[in-house]
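> This structure is in structure tokens; I'll ask about it shortly.
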Amino acid sequence: MADLPNAAVKRALLANGVPRISASSVTLAADAAQEFLARLARAAAESANVAKRKTVMDEDIVAAKTRLLGGSLT
């Protein structure tokens, strides 16, 4: 279901402290990441729309991240 490559998701998970991960878990993580990116994109597009722009800018991504995560993306 996810458009993200499983290999990239697995590398990200391993680089962030996951020692080992099953193939099915990588797929679930990829689906979750894809869903988060879709929500981030919708929120950023809404932010740009409110600012009467068609182009999503850095501040739209920051605003979307803050709205979705309370600014705690690390």
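The values are calculated or read from the model by the stated rules, or taken from the named source; none is laboratory data. Please read all numbers here as calculations on a predicted model, not as lab measurements. Glycine gets a Cβ as well: all are built from the backbone with ideal geometry, and neighbour counts include every protein chain shown.
> Considering each residue of region 51-60, count those that are free of Cβ contacts under 8 Å to residues at least 12 places away in the same chain and in contact with a helix residue (DSSP H, G or I) (Cβ under 9 Å, 6 or more places away or on another chain), and give that number.
So the count comes out to 5.
> Counting only residues that are farther than 23 Å from G70 by Cα, surrounded by fewer than 12 Cβ atoms within 10 Å (Cβ to Cβ) and of a type in the set (A, V, I, L, M, F, W, C), how many does region 9-59 have?
2
> Tell me whether region 31-47 contains one or more residues that are charged (D, E, K, R) and either assigned to a loop (DSSP other than H, G, I, E, B) or at pLDDT below 95 (or both).
No: zero hits.
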